[in-house]
1. Can you tell which of Gln234, Gln179 is assigned to a loop (DSSP other than H, G, I, E, B) and at pLDDT below 85?
2. Being surrounded by 14 or more Cβ atoms within 10 Å (Cβ to Cβ) and part of a loop (DSSP other than H, G, I, E, B) is the filter; apply it to the stretch 149-174 and report the residue that is farthest from the ligand (Cβ to nearest atom).
3. For the stretch 1-22, enumerate the residues that are part of a loop (DSSP other than H, G, I, E, B) and acidic (Asp, Glu).
4. Looking only at the stretch 186-213, count every residue that is outside any strand (DSSP E or B) and not hydrophobic (A, V, I, L, M, F, W, C) and tell me the total.
5. Looking at the structure I just gave you, is Ile326 of a type outside the set (Ser, Thr, Tyr), free of Cβ contacts under 8 Å to residues at least 24 places away in the same chain, touching a helix residue (DSSP H, G or I) at 6+ places or on another chain (Cβ under 9 Å) and assigned to a loop (DSSP other than H, G, I, E, B)?
6. Yes or no: the stretch 254-269 includes at least one residue that is touching a Leu at 6+ places or on another chain (Cβ under 8 Å), loosely packed, with under 13 Cβ neighbours inside 10 Å and at pLDDT 90 or above.
7. Do we have Val200 as under 30 Å from Ser281 (Cα atoms), within 28 Å of the chain's Cα centre (by Cα) and of a type in the set (A, V, I, L, M) here?
8. Filter the stretch 180-195 for residues that are under 23 Å from Ile55 (Cβ atoms) and either more than 7 Å from the ligand (Cβ to nearest atom) or among the aliphatic types (A, V, I, L, M) (or both) and give the result.
Amino acid sequence: MTLDPYKTLGVEKNASPDSIKKAYRNLARKYHPDVNPNDKSAEEKFKELSMAYDILSDPNKKAEYDNLGREAFFERGFNGAGYKPNFDSHSFSFDDIFADFFANDKFNSSSKTGRKNSSFSFGTADGGPFGNFGGFTKKATKGGDRELKLTLSFREAVNGTELTLELDMPEICSNCQGQGMISNGRGVRNCPECRGRGSVVSRQTIKAKVPAGIKDGQKIRLRGKGFPGENGGQPGDLNLIVQVSPDPVFVREGDVDLKLEKSLSLYDALLGGKIEVPTLSGPATLKIPAGTQNGSKFRLKGKGVNSGKKTGDLYVAVKVLLPTSISEEAKELLSQLKELAPVHIDN
Ligand SMILES: [Zn+2]
């Protein structure tokens, strides 16, 4: 099932967490199965609402959805693990929705204990010198990797560039150190900054260096720019998947070579001549020897991509063009030429 969570909840892309919550609350109240017994369509609607809210109320999922778009989000799945709604319309009651909207899921989750210790676990199976005393030590978990598509122009890919990206970055909530809860004099309660989720999303400016000669499909890995780790674990990486827009003239060949096709008149092919060909650094002159066949390739050394480590060549394939209208006089001359310069055909 794929849906547009914004449409489902009737909120704008830039809606605040509060207005998302309010929209969900209003709609959930209306469509909850308890209010609409035996109403299949209300039940379906309620499931959709819950799924939409599940995505938009989680900063990580929301950022992933916003970045990937609907198709890719549901197809590839949140955080690469496959998007599965983790609820069922009957698993929480009507009262649950309104009693404590943001239930203490951090406390109920089996992977979280009440202990707020973010030290690494050196636990060994036999409970050796660095064993898990009391089984409370939480395991430091590396954050998940994030993937984003990045479209580069042909020239940017060939020459390399430095990009400045504005991205919604999930990060550990500093108010609660990612625990999702804070304690005050009266006990433990959900962190108001992150609403108990342990992470917040902030707009960040990230610089990405694109090496010269990068190719379509290659990845740029930005270490530590993925999802935050848990319990002191390292953050994951951000992988930029490069898509290179095609160029109207040049085609990449191998790592650093380029190729292009250039038309040539029959007469230049027969008699030889000079033609102008484009290169990355501007037009160059290519000498065509007499008797050049259609499809012949010429190499312009060093006129390919310069990746810093390697410099490629430019291959020019010529396409011989014939005159499109031939006068009676020209026909006469061509017949004479046919006698004088016969073409040998082997096959
Ligand atoms: Zn927090």
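The values are calculated or read from the model by the stated rules, or taken from the named source; none is laboratory data. Only a predicted model underlies this, so the values are computations on that prediction, with no experimental measurement involved. Virtual Cβ from ideal backbone geometry, glycine too; neighbours counted across all protein chains shown.
1. Details: Gln234 fails: at pLDDT below 85.
The unique qualifying residue is Gln179.
2. Gly160
3. Just the residues of the stretch 1-22 that are part of a loop (DSSP other than H, G, I, E, B), to begin with: 1-4, 10-16.
Matches in the stretch 1-22: Asp4, Glu12.
4. Here is the first cut: in the stretch 186-213, the residues outside any strand (DSSP E or B) are 186, 191-198, 211-213.
Narrowing further to those that are not hydrophobic (A, V, I, L, M, F, W, C): 186, 192-193, 195-198, 211, 213.
Here the count works out to 9.
5. For Ile326, the condition - of a type outside the set (Ser, Thr, Tyr), free of Cβ contacts under 8 Å to residues at least 24 places away in the same chain, touching a helix residue (DSSP H, G or I) at 6+ places or on another chain (Cβ under 9 Å) and assigned to a loop (DSSP other than H, G, I, E, B) - is met.
6. Yes, the conditions are met somewhere in the stretch 254-269.
7. Working: under 30 Å from Ser281 (Cα atoms): no; within 28 Å of the chain's Cα centre (by Cα): yes; of a type in the set (A, V, I, L, M): yes.
The answer is no for Val200.
8. First, the residues of the stretch 180-195 that are under 23 Å from Ile55 (Cβ atoms): 180-181, 190-195.
Once the filter is applied, which keeps residues that are under 23 Å from Ile55 (Cβ atoms) and either more than 7 Å from the ligand (Cβ to nearest atom) or among the aliphatic types (A, V, I, L, M) (or both), the stretch 180-195 yields Met181, Asn190, Pro192, Arg195.
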